[in-house]
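We did not get these values from a lab; they are worked out from the coordinates using the rules stated. Being a predicted model, the structure only gives us computed values, none of them experimental. Neighbour counts run over all protein chains shown; Cβ positions are idealised from the backbone, glycine included.
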Amino acid sequence: MQKKDIIEEACWQIASFFYTSAIPFNCVKNPEFLKALELVAKHGPSFKPPYYHDIREKYLKQEVDQTILVLLLVMTLINPLDVNDIDVCLRNNEEDEGNEAGFNLHDTSAYCLF
């Protein structure tokens, strides 16, 4: 198979994935999509995609944690806080994760707004 044919087949498969998953076409413009494809290509043919559970649990949790830390940083820039307040929030999350009594990074109803 010629290189041009391989490229065409790969593009067709990506398009098919978009169609069968009902992914909006403008997601192709998302820089994260391009980064993902570049990393897969860099890894090579032995790359194995993440499991359903990893995407649903592990990577989602990491993304939520990172987003909340960015929000805390932005809130701190808008309304300077005592660093100890943020430390207490993060410590409470580690100790009480899943416990409604503590600050839970994954509980969207309360984000430790000071």
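For a test of the definition: using alpha carbon positions, the gyration tensor, and the 1.5 limit on a/c, classify the range 3-43 as rounded, prolate or oblate. Taking the square roots of the gyration eigenvalues as a ≥ b ≥ c, the range 3-43 is oblate.
Each peptide in 1-7, 66-72, 52-58 was scored by the mean count of other Cβ atoms within 10 Å over its residues; highest first, the order is 66-72, 52-58, 1-7.
By the rule of a C-alpha distance below 21 Å, with chain neighbours fewer than 8 residues away ignored, the lysines paired with Lys48 are Lys35, Lys58, Lys61. With the simple spin-label model, which puts each label point 7 Å out from Cα in the Cβ direction, the Gln66 to Asp5 separation comes to 3.9 nm. The share of C-alpha pairs in the range 14-81 whose separation exceeds 14 Å stands at 76 percent.
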